[in-house]
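Novice: The structure that follows is given in the form of structure tokens.
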Amino acid sequence: MSAPSEAPPTSYAVADCGGTHTRLEIWHGTTPALTETFGSANTASRSADEALDVYSALIARVAEHHVTATYIATAGFDDTSADTLAAQFRSLAITHQYDGTIHLVNDVAPLLFSGAPGTETVAAIIGTGSAFWTRDATDSLTRVGGVEWLASDEGAAVDLGKRALIAMVRAADGRGPATTITTHANLNDADTLHLARTLGETAHPKQHLAGLAPAVTTAWTDDHDPVATEIITAAVADVEAALAASARFLSHPAAASWLFCGGLVSGSDDYQQLILAAATRASGGATDLRVVQNALDLLRSFAAHGWANRVGERYVRTVER
């Protein structure tokens, strides 16, 4: 793959702000200087003040290291939030006396722009939440889903967890069949009913729901539990529908690169195989199907090659103090 290149900055930082963690790397040339993990800055998972605290800690750290340029990929970057985010980071740069440049992009941009101009890419993030994006041969971007857990997040950990909680509650009160998901979640029937009520009264339940996903995948793979199997089957069907919708925005979906990233799709081999099979069907037979284990690797390439110049003003903001 090729892309317009430029010399990487002498010192730079990359940060991936995911649904569960925010991961920061600071580099001096080709030498890693710092790796640090913060909490999530996703405002669907925590309050706006808590998210701002994470961003503040991140800028404080890059200021300490006198980083020339900082690239931040966050799911919080959207049409409705981009300018607000930019203003917040400008204020944080002033507060922490950071003189470097901050490049803000949606977290899917490094995946989409890993391909050369003139190619097509589908990027699916399936972790705590999910989103599906396409980049056509003209570098035009389209999103499918990705509007948070109440109305999307298909196939993601929060989706499995939400379905699991419903199934466990129905098993507990006799409306549905028993399921080993409850056992793998370290719950009993009374605990399940209490958890459901507690999360219903919680302002930001997304991470708590996502935390139930491992119980689903374990019940599915180890116990062949029928309820867990039904949840997995339904979730994968929704992912396939999202991928099929994405394919319709491309001229040649079978020739496109299909990239997948996120803790759920990379953390469960069995689930990953179902997702990749769904992508093969949705694309009409694509063979370039890849799972990206470390999104920061692509973000470093994004930084070093100047791919932010290709993204367009709608999907990137550059902030200077």
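The values are calculated or read from the model by the stated rules, or taken from the named source; none is laboratory data. Everything numeric in this text was worked out from a predicted model, so none of it was measured. Cβ coordinates were reconstructed from backbone atoms using ideal geometry, including for glycine residues, and neighbour counts include every protein chain displayed. Heavy atoms of the whole protein, side chains included, go into the accessibility calculation; ligands, DNA and RNA do not. Shrake-Rupley method; radii C 1.70, N 1.55, O 1.52, S 1.80 Å.
Novice: Quick one: what Rg and Dmax do you get for the chain from the alpha carbons, in Å?
Specialist: My reading of the Cα-based Rg and Dmax gives 20.2, 64 Å.
Novice: What whole number of Å gives the distance from the Cα centroid of region 129-184 to the Cα centroid of region 34-50?
Specialist: 21 Å
Novice: Still on this structure: Accessible area of residue 143, 1.4 Å probe, to the nearest 10 Å²?
Specialist: Accessible area of residue 143: about 80 Å².
Novice: Determine the sum of side-chain charges near residue 25: Lys and Arg each +1, Asp and Glu each -1, restricted to other residues whose C-beta is under 13 angstrom from that of residue 25.
Specialist: Its environment carries a net charge of 0.
Novice: Still on this structure: Quick check on region 275-315: what are the equivalent-ellipsoid semi-axes from the Cα gyration tensor, as sqrt(5λ), descending, whole Å?
Specialist: After scaling each eigenvalue by five and taking roots: 27, 14, 8 Å.
Novice: Could you please put 194, 21 in sequence from largest to smallest accessible area, using a 1.4 Å probe?
Specialist: 194, 21
Novice: Specify, per residue and in Å³, the volume enclosed by the convex hull of the alpha carbon atoms belonging to region 208-321.
Specialist: With only Cα atoms used, region 208-321 gives 153 Å³ per residue.
Novice: Any idea what the dipole of the chain comes to, in debye rounded to 20, about its Cα centre with Lys/Arg Cβ at +1 and Asp/Glu Cβ at -1?
Specialist: Once rounded to the nearest 20, the dipole reads 380 debye.
Novice: While we're looking at this one, here's another question. Under 15 Å from the Cβ of residue 86, count the other residues' Cβ atoms, weight Lys and Arg +1, Asp and Glu -1, and hand me the total.
Specialist: Once positives and negatives cancel, what remains is -1.
Novice: Could you compute the net charge surrounding residue 39? Neighbours are other residues with a C-beta less than 9 Å from the C-beta of residue 39; K and R count +1, D and E count -1.
Specialist: -1
Novice: Follow-up question, since we're still on this one. Using a 1.4 angstrom probe, figure out how much accessible area region 1-96 has per residue, in square angstrom, rounded to the nearest whole.
Specialist: Roughly 45 Å² per residue, with all protein chains present.
Novice: What are the extents of the Cα atoms of region 1-160 along their three principal axes, in Å, largest first?
Specialist: 40, 39, 26
Novice: Relative contact order (percent) for region 139-181, with alpha-carbon contacts under 8 angstrom and 6 or more residues of separation?
Specialist: The normalised contact order for region 139-181 reaches 20 percent.
Novice: Still on this structure, please answer the following. Give me the Debye-computed log₁₀ of I(q)/I(0) at q = 0.14, 0.26 Å⁻¹ for region 237-299, equal point scatterers on Cα only, no solvent, two decimals.
Specialist: Cα-only, vacuum Debye calculation for region 237-299: -0.39, -1.14.
Novice: Also, quick follow-up: Please report the accessible area of residue 31 (heavy atoms, 1.4 Å probe, ligands and nucleic acids excluded) in Å², nearest 10.
Specialist: Approximately 80 Å² for this residue.
Novice: To test your reading of the geometry: what angle, between 0 and 90 degrees and rounded to tens, separates the Cα axis of helix 213-223 from the longest principal axis of the chain?
Specialist: Computed tilt is about 50 degrees.
Novice: May I ask which residue of 167, 76, 294 lies farthest towards the positive end of the charge dipole of the chain, with charges of +1 (Lys, Arg) and -1 (Asp, Glu) on Cβ and the Cα centre as origin?
Specialist: The Cα lying farthest towards the positive end belongs to 76.
Novice: Here's a follow-up. Going by average Cβ density within 10 Å per residue, which order do the peptides 284-297, 166-179 take, highest to lowest?
Specialist: For the peptides 284-297, 166-179, the packing ranking is 166-179, 284-297.
Novice: Could you work out the relative contact order of the chain, using alpha carbon pairs under 8 angstrom and six or more residues apart, expressed as a whole percent?
Specialist: Over the chain, the number comes to 22 percent.
Novice: In whole percent, and with a 1.4 Å probe on the protein chains, what portion of the accessible area of region 234-321 is carbon and sulfur?
Specialist: The C+S portion of the solvent-accessible surface of region 234-321 is 48 percent.
Novice: Can you tell me the orientation of helix 48-64 relative to the chain, as the angle in degrees between its alpha-carbon axis and the longest Cα principal axis, to the nearest 10?
Specialist: Once rounded, the angle reads 40 degrees.
Novice: Grab the DSSP H runs of the chain that are 4 residues or longer, score each as -39,500 (n - 2.57), total them, divide by all residues and round the 222 nm result to the nearest 500 deg cm²/dmol.
Specialist: Rounded to the nearest 500, the figure is -13000 deg cm²/dmol.
Novice: For the chain, find the longest principal axis of its Cα atoms and tell me its angle to the long axis of helix 295-304, 0 to 90°, nearest 10.
Specialist: Rounded to the nearest ten degrees, it is 20.
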